[in-house]
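The values are calculated or read from the model by the stated rules, or taken from the named source; none is laboratory data. Keep in mind it's a predicted model, so treat the numbers as computed, not measured. Cβ placement follows ideal geometry from the backbone for every residue including glycine, while neighbour counts extend to all protein chains displayed.
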Amino acid sequence: MTPMPRMPMRVPRSIDAALAALAEPGARALAGGTDVVPALKHGLLSPGPLVSLHALDALRGVSRPADGGLRIGAMTPLSALVSHPDVSILAPALASSASTVASPTIRNAATLGGNVLLDTRCDWYNLPDVSRASLGGCLKCDGTVCHVAPRGTRCWAAHSADTVPVLMLLGAELEVLHRGDSDGTRCTRTPLASLVAQADGRTAHGLPRGALLSAIVVPRREARIVHRKVRARGTLDFGVLLVAVARHDSGWSAVVSASGPAPVRVDAPNGTSLVEAAWSAVKPVGTHTVSPNWRRRMVRVEVERAVAALDG
Amino acid sequence: MSGSPVGARGPKIDGRARITGAARFVADLKLPRMAHGAFVRSTHAHARLRDIDVSAARAMPGVLGVMVGADLPRRYGAIPVARDETALAVDKVRYIGEPIVCVVAVDLELARRAAAEVRVSYEPLPAVLGIDAALDPTSPIVHDEARKPSNTLRHVSQAFGDVDAELAASDVVVEARYDYPGSTHAPLEAHGALAAPDPDGGLTLWTSTQNVHYVHKDVARVLGMDERDLRVVKPAVGAGYGGKCDPFCTELCAAHMARTLGRPVRIVLSREEVFLAHRGRHPTRMWMRMGLTRDGDIRAIDFKAWADGGAYASYGVVTSYYLGVFMGMPYRLGAYRFEAMRLYTNVPPCGPKRGHGAIQPRFALETHLDRAAEVLRMDPASLRARNFLGADSETINGLRITSNGVAACMDAVLSASGWHTRRGRLPRGRGLGLAVSAYMSGALHGIHGDDLSQSVVSVRVDRNGAVTVFSGSADLGQGSQQMLATLVADRLGLQPSDIRVVEADTRLTPVDLGSYSSRVTMMAGNAALQAADAVRAQVLDAAATQLGTAASELRLEDGRIHVAGDVSVGVSFVRAAQLAEARLGAVGATAGFRPPLQGSRHRRESVGPSPAYSFTAQVAEVEVDEDTGVVRVVQVWVAHDCGRALQPSIVEGQVEGCVAMGLGEALHEETVHRDGRLVAPSLLAYKVPTIHETPPIEVTLVETHDPIGPLGAKECGEGPQLGTVPAVANAIHDAIGIRLDAPPFTPERVLRALDARGRAG
């Protein structure tokens, strides 16, 4: 058996209390726990106070702001998102990408906020303790070498959040709560794209420590979006390549992920080839046991198929 | 329910407990003052142990004891001629993950933290990785302590008939090389053991095992205990598939530390440790030459198999024989020769996994037959059919076949899959593939080479009518309790729900060699039947005296004993049991079963002979995406000759489970090592298919009423897996015209093969 390491657990009843708890040294937010708990058990994360967000009802649920888009509480379970009528109508690709996460039981626990902020992944890093110790760790945890690119100095762990490529094409923004200096809570809005652009392998996003993601805001968009997930197993598996493609009046856009530390956005104005643009922009590396060559080849196949689905 | 339970679809007697979570596994067992153990494991594939510093761990408050290899240095191993393992590594480590130190503390979290404080200093040695390295005479020796140091555990050669002459006289000779990968069992429950000192000075060991008898013998021997002082109990077990056949460090260390500390010690492996304990499928490189006549008669097979066995022997001696001995079944061969080697390397030890040693050669054989059919321009089914052996026959290597339903099995799947009308007429990318196989129902000769019973079973009847069956066999979820209850209920005119089964407790249950080699229905079933028949005679005689009639005039059914043809004249089973007790003093019987030794031309061979063989045929339909290389299995039709289906739902479940496991090996599963390090030591990374990826599996049961099997029954839990991978390989060839000789058939491999064909033009 692998026991959970001992650590303090906080269950704040208010946003203020949550922000105060998150300000403790080493504190970590616990949403669905479907990624954080295994990482803690495997020793990938150092144990610090766990701040459960479960008592914060304000972070849960889907609403329709005046602009006609969607505001989705960060603690909304993925299964609720998948079956929500407003999401199905206004952002069907989001519902569908959420439905590819893990398994039905995990989607009941996992939240949209948790998925958006999902840590990067690498087959050399996401290992239990004996195997990781035999490698001597890696740049992301307890080590000095990246086993994907041993001569380099950067971490290549892959951005793997299933919903992010679709949310980026939807122009989603993140509503983030910060602890104010004196006057309580401060709320900011940041484009998701700029937050994940700061992903560098070691981290998956640029959310400041102590900040709390409260909602994902999806503006009203007319673009049609198709997403595709390539994985070794049809369920209970992370993608080895995630592709989302949107058709606009002026051309095509794609976001490709699970190929490197940050999702890659590719735009192709009318008259140019999105497939060729994606093919030259996306170069997967050996973060997965599935070979990078095959994954690169799948960039072409999957973007082509997504384009065909939207053209039809 | 009324009437005989044999062939009926009643509920599984332990089904509710398992589904509701009420069943108690080792990890559920708790005793007062119970301590917890954790292991320090090797981070090197091959190294001498220079120094082990446990002082920091020992000094931590709450740490109760620390054990190293030198504390329990006696070697153990399932097969007496190949004991090469110690509870913890002594002097040298031979694979990444080998246990070196066991730390016992008041709780598990502390034990693990203390284990992390142990400092091991290694003198690294070059690691022997892969078959070529093991065969290279300049490589280091994994077991340099052995008397004849070499990296070969066993080298077997057998020849029957003049292979060279037959090949020379053949119209066609087909030759190919096959590489079958390693894979692991992935039981849902991790291995665990709880040992507790008994008040009388003995020791009780609860363990997640497939065979309490072997654990009993080896733990007593290694600990230097009198076997009579040790009691080994198997609680509920969450599957094994062969992965829980060996004794393990959990059992040896829990037992040793419980005795040392005088308190209960429980050790349950983590999921990663289950992957490292392994004993899974041997990666095997094979070469096959097959000579045939123009008409498709098989004149000769020449076969070689080199198996990468990992760091310890496990059942590897037996594996080397299994790689060759089933090749001639169910086919008539003019001549046959095989050579097999089981090698030592520096990766976790391989051992018995469902279809032990027979899966790899069956993949080669059934793929090879399709190759031959292509050369001969024959239908693969016709080629097989013309070479089938029948019932009451003997293979070229002297294995006696009793019942044989292979032809009926093949007809069933050909017809169910629409083989004759659909094969070759499906759209591009779709294809059908066929494979046929045979497997043993237990080994005729036990591994200890004695002339004792393979299985002893007791049936006891109390004066309240309670019937209890005592058997040392191990139910791992596969339904052996149900099998015993069904047979005994049938003989006593009861239902399985009327029978309680006490199983796998060396103090309470008579010896059974355990749940492996598909032996339990054959061995324990026959013993149970004999014991039940003795009890049946006891109650019948008593009832006959009471009713003033002859026992032969009586019938047992629906909980009553009555005169044939007149249900109103009779007594209840409970009353009959009381009458029998009054007459005899006690009601009950114990019987042992040892399969009848059969005449064979090749008596010297002790591995391969079985009382009866099961037969399977299956057709897989696949869809191949030529852009991505993704293979999707659309459906599998499988027919299995199980002799007789004592409980059809359970037999079908076993057949479906075999096919599902086979599909995992066909498409996803492979134990890959990089520099000796397991690449996918988790259920997320190691791709066992889920129900989502498992296609419809249509099962047909063929009943041939075997003369030796209990009420005609043969095995059903392993044989149906043998043909799944070659059926998929043959279907891929039918779909896109490429042959894949190295499973799993991943998208990358499919595309590589398509690219190679494209280049060839």
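General observations
- Single condition B:Ile708 does not satisfy, out of (1) within 14 Å of chain A (Cβ to nearest Cβ); (2) among the aliphatic types (A, V, I, L, M); (3) part of a loop (DSSP other than H, G, I, E, B); (4) within 30 Å of B:Ala8 (Cβ to Cβ): (1)
- Counting only strands (runs of 3 or more DSSP E) wholly contained in the stretch B:424-542, the ones carrying 3 or more residues that are touching a helix residue (DSSP H, G or I) at 6+ places or on another chain (Cβ under 9 Å) and among the aliphatic types (A, V, I, L, M) occupy B:430-440, B:455-461.
- Members of the stretch B:94-120 found to be touching an Asp or Glu at 6+ places or on another chain (Cβ under 8 Å) and either away from chain A (no Cβ under 11 Å) or buried (at least 24 other Cβ atoms within 10 Å of the Cβ) (or both), listed by number: B:Gly97, B:Val118, B:Arg119
- Checking each residue in the stretch B:563-577 for being crowded, with 19+ Cβ neighbours inside 10 Å and free of Cβ contacts under 8 Å to residues at least 60 places away in the same chain picks out B:Gly570, B:Val571, B:Ala576.
- The stretch A:230-259, residues that are within 14 Å of chain B (Cβ to nearest Cβ) and outside any strand (DSSP E or B): A:Arg231, A:Ala232, A:Arg233, A:Gly234, A:Thr235, A:Leu236, A:Asp237, A:Phe238, A:Gly239, A:Val240
- Output for the stretch A:130-152, where each listed residue is facing chain B (nearest Cβ under 7 Å) and either surrounded by fewer than 16 Cβ atoms within 10 Å (Cβ to Cβ) or in contact (Cβ under 8 Å) with a residue 12 or more places away in the chain (or both): A:Leu135
- Of everything listed in (1) in a loop (DSSP other than H, G, I, E, B); (2) under 17 Å from the mean Cα position of the chain (by Cα), the single unmet condition for B:Val347 is (2).
- Applying the set (1) surrounded by fewer than 16 Cβ atoms within 10 Å (Cβ to Cβ); (2) at pLDDT 95 or above to B:Tyr178 leaves exactly one unmet item: (1).
- Residue under evaluation A:Ala308, criteria (1) within 14 Å of chain B (Cβ to nearest Cβ); (2) surrounded by fewer than 20 Cβ atoms within 10 Å (Cβ to Cβ); (3) under 24 Å from the mean Cα position of the chain (by Cα); (4) of a type outside the set (Lys, Arg), criterion not met: (3)
- B:Leu167 being of a type in the set (A, V, I, L, M), surrounded by fewer than 23 Cβ atoms within 10 Å (Cβ to Cβ) and in a loop (DSSP other than H, G, I, E, B): no
- Residue in the stretch B:228-236 that is in a helix (DSSP H, G or I), of a type outside the set (A, V, I, L, M) and crowded, with 20+ Cβ neighbours inside 10 Å present: no
- Checking B:Ala114, B:Ala70 one by one, the residue that is at pLDDT 95 or above, farther than 30 Å from B:Pro283 by Cα and within 35 Å of the chain's Cα centre (by Cα) is B:Ala70 and no other.
- Lone qualifier among B:Ala617, B:Ala580 - being surrounded by 22 or more Cβ atoms within 10 Å (Cβ to Cβ) and touching a Gly at 6+ places or on another chain (Cβ under 8 Å): B:Ala617
- Residues in the stretch B:59-93 that are within 14 Å of another protein chain (Cβ to nearest Cβ) and under 23 Å from B:Glu272 (Cα atoms): B:Ala89, B:Val93.
- Residue list for the stretch A:19-41, restricted to those being acidic (Asp, Glu) and more than 14 Å from chain B (Cβ to nearest Cβ): A:Glu24
- Positions within the stretch A:236-288 being hydroxyl-bearing (Ser, Thr, Tyr) and at pLDDT below 95, in sequence order: A:Ser250
- Identity of the residue in the stretch A:103-124, hydrophobic (A, V, I, L, M, F, W, C), surrounded by fewer than 24 Cβ atoms within 10 Å (Cβ to Cβ) and over 13 Å from the mean Cα position of the chain (by Cα), that ends up nearest to A:Val230 (Cα to Cα): A:Ile106
Okay, residues lined up against (1) modelled with pLDDT of 95 or more; (2) buried (at least 18 other Cβ atoms within 10 Å of the Cβ):
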{"residue": "B:Asp28", "(1), (2)": "yes, no"}
{"residue": "B:Gly37", "(1), (2)": "yes, yes"}
{"residue": "B:Ala47", "(1), (2)": "yes, yes"}
{"residue": "B:Ala59", "(1), (2)": "yes, no"}
{"residue": "B:Arg74", "(1), (2)": "yes, no"}
{"residue": "B:Ala78", "(1), (2)": "no, yes"}
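- Selected residue (criterion: farthest from the other protein chains (Cβ to nearest Cβ)) from residues of the stretch A:1-18 that are in a helix (DSSP H, G or I) and either under 30 Å from B:Val265 (Cα atoms) or over 24 Å from the mean Cα position of the chain (by Cα) (or both): A:Asp16
- Qualifying residue in the stretch B:285-295 (condition: farther than 30 Å from B:Met67 by Cα, outside any strand (DSSP E or B), of a type in the set (Asp, Glu) and over 18 Å from the mean Cα position of the chain (by Cα)): yes
- Single unsatisfied condition, A:Thr76 versus (1) in contact (Cβ under 8 Å) with a residue 60 or more places away in the chain; (2) over 30 Å from B:Ala35 (Cβ atoms): (1)
- Inter-residue pairs, beta-carbon under 8 Å, first of a type in the set (Asp, Glu) and in the stretch B:660-684, second assigned to a strand (DSSP E or B) and modelled with pLDDT of 95 or more, 6+ apart: B:Glu665/B:Ser183; B:Glu665/B:Arg281; B:Glu669/B:Ser183; B:Glu670/B:Ser183
- Residue within the stretch A:271-278 that is more than 19 Å from A:Thr163 (Cα to Cα), within 14 Å of chain B (Cβ to nearest Cβ) and among the polar types (S, T, N, Q) present: no
- Checking each residue of the stretch B:649-671 against the condition of being within 14 Å of chain A (Cβ to nearest Cβ), assigned to a loop (DSSP other than H, G, I, E, B) and touching a helix residue (DSSP H, G or I) at 6+ places or on another chain (Cβ under 6 Å) gives no match.
- Qualifying residue in the stretch A:263-270 (condition: charged (D, E, K, R), more than 14 Å from chain B (Cβ to nearest Cβ) and in contact (Cβ under 8 Å) with a residue 24 or more places away in the chain): yes
- Reported count of residues in the stretch B:27-50, each being in contact with a helix residue (DSSP H, G or I) (Cβ under 9 Å, 6 or more places away or on another chain) and within 13 Å of chain A (Cβ to nearest Cβ), is 10.
- So B:Ala111, is it of a type outside the set (Val, Ile, Thr), without any contact (Cβ under 8 Å) to a residue 24 or more places away in the chain and assigned to a helix (DSSP H, G or I): no
- Here the helices (runs of 4 or more DSSP H) wholly within the stretch A:31-106 that include at least 1 residues being closer than 17 Å to A:Phe238 by Cα are A:36-41, A:78-82, A:92-98.
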